[in-house]
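One structure, as structure tokens, below. Some questions next.
The values are calculated or read from the model by the stated rules, or taken from the named source; none is laboratory data. From a predicted model like this one, the values you see are computed outputs, not experimental measurements. Cβ coordinates were reconstructed from backbone atoms using ideal geometry, including for glycine residues, and neighbour counts include every protein chain displayed.
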Amino acid sequence: MLVSIALLPLAIFAASQIGTPGPANMALLATGARFGFRAALPFVAGVALGKQLIIWPIGFGLMGLAASAPALFTLLKYISAAYIIWLAWKVANLRLGHGDPAANVPGFGAGLIVHPLNPKAWAMIVGSFTAFVGPDIPTLTATATVAAILLACQLVMHPLWTLGGSAIAQTVAGTRAEPYLMWTLAGLTVASVLFVLFDGSL
């Protein structure tokens, strides 16, 4: 059943996409830096599972709707990009490790909406289906396989980004480097969104 799904190339593609900077990873990094690794874990779980909210609809034909109503999806793409850029502005103005770490820590629900509003996630998922899944594979098998591989990569990569943020905070919080770090993270977030927005991937 799985002979027409390029499993190893799909896994490599997924790991490379999930492991590199993007809006979700920047959010995880900033959350780990601001609140600490343990407090951020519900948010990490939400981010990981939130991608499933778009994998399954895409696998079962959502992109067919995109072909029949392209203007709707173009509008969605720009609205999503605007939201991520707004989040980047908030990251740029964050300061690390200040105040009660449990006061405003984003939870599971906040994590769930990160990927549905992330243009990079949409492009990655569409690419997973179009580049690595053969047309003879049943829809359920194809979707479940893509969903499982992406989730497995997320369960490894997302905590690492969050842990990295926590480690960075311990080093730079309260130093002169802190505002420059936060602006750099924000800049990387905006750059990743603009790359997807204008390269035509989605």
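So, in segment 110-136, exactly how many residues are of a type outside the set (Val, Ile, Thr) and farther than 17 Å from Pro23 by Cα? Even if it seems obvious, please write down each step before you answer.
Taking segment 110-136 as the starting set, the residues that turn out to be of a type outside the set (Val, Ile, Thr) are 110-112, 115-124, 127-129, 131-132, 134-136.
From the residues that got through so far, the ones that are farther than 17 Å from Pro23 by Cα too are 127-129, 131-132, 134-136.
Qualifying residue count, segment 110-136: 8.
Take Thr145 and tell me if it is of a type outside the set (Lys, Arg) and within 20 Å of Pro57 (Cβ to Cβ). If you could, list the steps in order and put the result at the bottom.
Numbers: of a type outside the set (Lys, Arg): yes; within 20 Å of Pro57 (Cβ to Cβ): yes.
Judged against the criteria, Thr145 is a match.
What tally of residues in segment 168-182 results from selecting those that are surrounded by 14 or more Cβ atoms within 10 Å (Cβ to Cβ) and in a helix (DSSP H, G or I)? Walk me through how you get there before you give the answer.
So the first thing to find is which residues in segment 168-182 are surrounded by 14 or more Cβ atoms within 10 Å (Cβ to Cβ), and the list is 168-169, 172-173, 178-179, 181-182.
Narrowing further to those that are in a helix (DSSP H, G or I): 168-169, 172, 178-179, 181-182.
The number of residues fulfilling the criteria is 7.
Can you pull out the helices (runs of 4 or more DSSP H) entirely within segment 1-59 that have at least 1 residues that are over 11 Å from the mean Cα position of the chain (by Cα) and over 18 Å from Leu140 (Cα atoms)?
Values: elements: 7-19, 23-35, 37-50, 52-57.
Qualifying helices (runs of 4 or more DSSP H): 7-19, 23-35, 37-50.
Continuing with the same structure: Which of the residues spanning segment 95-109 are modelled with pLDDT of 85 or more and either in contact with a helix residue (DSSP H, G or I) (Cβ under 6 Å, 6 or more places away or on another chain) or among the hydroxyl-bearing types (Ser, Thr, Tyr) (or both)? Walk me through it before giving the result.
Of the residues in segment 95-109, the ones modelled with pLDDT of 85 or more are 106-109.
Pro106, Gly107, Phe108, listed by residue number.
Then there is this: Would you please name the residue that is modelled with the lowest pLDDT, looking only at residues in segment 19-32 that are closer than 9 Å to Thr162 by Cβ and among the hydrophobic types (A, V, I, L, M, F, W, C)?
Among residues in segment 19-32 that are closer than 9 Å to Thr162 by Cβ and among the hydrophobic types (A, V, I, L, M, F, W, C), the one modelled with the lowest pLDDT is Leu29.
Does segment 138-148 contain any residue that is within 22 Å of Gly22 (Cα to Cα), touching a residue at least 40 places away in the same chain (Cβ under 8 Å) and either in contact with a Ser or Thr (Cβ under 9 Å, 6 or more places away or on another chain) or not in a loop (DSSP other than H, G, I, E, B) (or both)?
Of the residues in segment 138-148, the ones within 22 Å of Gly22 (Cα to Cα) are 146-148.
Restricting the remaining residues to those that are touching a residue at least 40 places away in the same chain (Cβ under 8 Å) gives 146-147.
Narrowing further to those that are either in contact with a Ser or Thr (Cβ under 9 Å, 6 or more places away or on another chain) or not in a loop (DSSP other than H, G, I, E, B) (or both): 146-147.
Yes, because at least one residue in segment 138-148 is within 22 Å of Gly22 (Cα to Cα), touching a residue at least 40 places away in the same chain (Cβ under 8 Å) and either in contact with a Ser or Thr (Cβ under 9 Å, 6 or more places away or on another chain) or not in a loop (DSSP other than H, G, I, E, B) (or both).
Take Ser4 and tell me if it is more than 17 Å from Leu163 (Cβ to Cβ), of a type in the set (S, T, N, Q), out of contact with any Gly (no Cβ under 7 Å at 6 or more places or on another chain) and surrounded by fewer than 19 Cβ atoms within 10 Å (Cβ to Cβ). So that I can check it myself, show each step before the final result.
Working: more than 17 Å from Leu163 (Cβ to Cβ): yes; of a type in the set (S, T, N, Q): yes; out of contact with any Gly (no Cβ under 7 Å at 6 or more places or on another chain): no; surrounded by fewer than 19 Cβ atoms within 10 Å (Cβ to Cβ): yes.
The answer is no for Ser4.
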